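Some notes on the structure that comes next.
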Amino acid sequence: MANTFLKPTVINRTALGLLEREIVLPNTVWKFGEADFRGAANDTVTMRLPAILTARDYEWRTRNNPIVVDDITEIPVPIALDKHPYSAVAVTDEQLTLDIVSFAEQVLRPQVRAVAEKLEGYIATTLGTAPYKSTVTFAEATDDPYKVAVRARRELNKNKVPFSDRFLVMGADVEAAFLNSDKLVKVNESGSDSALRDAVIGRLAGFTLLTSNALPATAAYAYHRSAIAFANVAPAVPEGAAMGASETYEGLAMRWLRDYDPNFLRDRSVTSAFAGVTSVNDGPLIDADADTQVDDPSNVRAVKITFTPAP
């Protein structure tokens with residue numbers, strides 16, 4: 001399909017808010033970059049989760065039994081670069097000469113946004129399909145959002161997840177329910193409106209609350225940053241490209257190439273990135289209730305919140 005550019009003479013050049021979603025999720029997960037993957041076999045690196053040990057008591061003043069020697073078992077979590085999202089656009093001589101006022105704004109910006117949203121979408125998909133050990137229900141008609149957050153916090157605490165870097169990320173319907181809570185500090189009472197601009201709606205029960213339009217409206221997850229591992233690398237700029245650069249956008253690495261296709265008398269603009277995402281599923285871990293080692297290959301660093309909207 002041919003490109004459609006509005007003629008400058010018919011455009012009111014007033015700054016308008018673009019209908020594009022905020023890129024939120026990549027800033028809430030554990031990131032790996034080019035330095036981690038250079039030379040990695042099969043384009044895969046392995047996260048090494050530390051072993052979990054429990055100290056023992058030894059008999060006092062007597063020496064009737066030998067000490068017990070424990071094995072140290074670190075947990076490997078592989079993450080592979082296996083995705084290559086891109087956006088390619090062809091611009092004819094006529095469009096470049098007569099229609100396009102700013103190549104950066106009219107061509108490159110939409111391409112970069114498309115790749116950024118695709119990258120964020122991989123994280124959203126992983127959040128939706130991760131094998132969660134814990135699930136918390138949230139019925140809008142009867143449940144207090146604060147108590148829902150407390151229940152999610154309890155599950156993370158039981159699994160000894162660090163207190164820092166905890167996020168509760170939600171879709172639009174869940175956000176509306178949380179905003180109705182009187183325990184959430186309102187933005188106009190906090191002295192700043194920056195929270196809304198950054199998609200952060202406040203803090204509750206130790207979580208930073210954020211809204212993401214990459215998630216379905218009724219989806220919500222409470223997690224520590226280490227619950228999801230996200231790999232993102234900008235492909236190298238080839239020597240044969242007429243123009244090219246590797247840059248970051250919203251904290252995401254990507255590459256831009258531009259060349260000319262003489263067979264069709266048009267420019268080609270291509271933006272792309274390498275990526276990979278995985279749910280960090282702890283293998284052997286300490287059961288919080290029995291304080292014993294168990295085999296539970298599920299994500300204990302995150303809690304899924306199952307939301308039921310009010311009728």
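Applying the criterion of being of a type in the set (Val, Ile, Thr) and in a strand (DSSP E or B) to the residues of region 127-137, the residue that is least open to solvent (accessible area, probe 1.4 Å) is Val136. Inspect region 115-126 for any residue being part of a loop (DSSP other than H, G, I, E, B) and surrounded by 17 or more Cβ atoms within 10 Å (Cβ to Cβ) and give the result as yes or no. No, the conditions are met nowhere in region 115-126. The residues in region 103-131 that are at pLDDT below 95 and aromatic (Phe, Trp, Tyr) can be counted, and the count is 1. A Cβ distance below 9 Å, combined with a sequence gap of six or more or placement on separate chains, defines the contacts here; from region 250-261, residues that are under 25 Å from Arg21 (Cα atoms) reach residues that are of a type in the set (Asp, Glu) and open to solvent by 40 Å² or more (accessible area, probe 1.4 Å) in the pairs Glu250/Glu22; Ala253/Glu34; Ala253/Glu247; Met254/Glu247; Arg255/Glu247; Trp256/Glu247. Residues that are among the β-branched types (Val, Ile, Thr) and in contact with an Asp or Glu (Cβ under 6 Å, 6 or more places away or on another chain) occur at least once in region 81-95.
Taken over region 245-257, the criterion of being over 25 Å from Val45 (Cα atoms) and open to solvent by less than 40 Å² (accessible area, probe 1.4 Å) is satisfied by Ala245, Leu257. Considering only residues that are surrounded by 18 or more Cβ atoms within 10 Å (Cβ to Cβ) and either modelled with pLDDT under 80 or of a type in the set (Lys, Arg) (or both), which ones fall in region 268-285? If the condition is that a residue be surrounded by 18 or more Cβ atoms within 10 Å (Cβ to Cβ) and either modelled with pLDDT under 80 or of a type in the set (Lys, Arg) (or both), then Asp282, Leu285 are the ones that fit.
Ala149 fulfils the conditions (1) open to solvent by 10 Å² or more (accessible area, probe 1.4 Å); (2) touching a Leu at 6+ places or on another chain (Cβ under 6 Å); (3) aliphatic (A, V, I, L, M) except for a single criterion, (1).
The values are calculated or read from the model by the stated rules, or taken from the named source; none is laboratory data. Because the structure is a prediction, the values reported are computed rather than measured. All Cβ positions, glycine included, derive from the backbone under ideal geometry; neighbour counts span all protein chains shown. Only protein heavy atoms, including side chains, enter the accessible area calculation; ligands, DNA and RNA are left aside. Shrake-Rupley method; radii C 1.70, N 1.55, O 1.52, S 1.80 Å.
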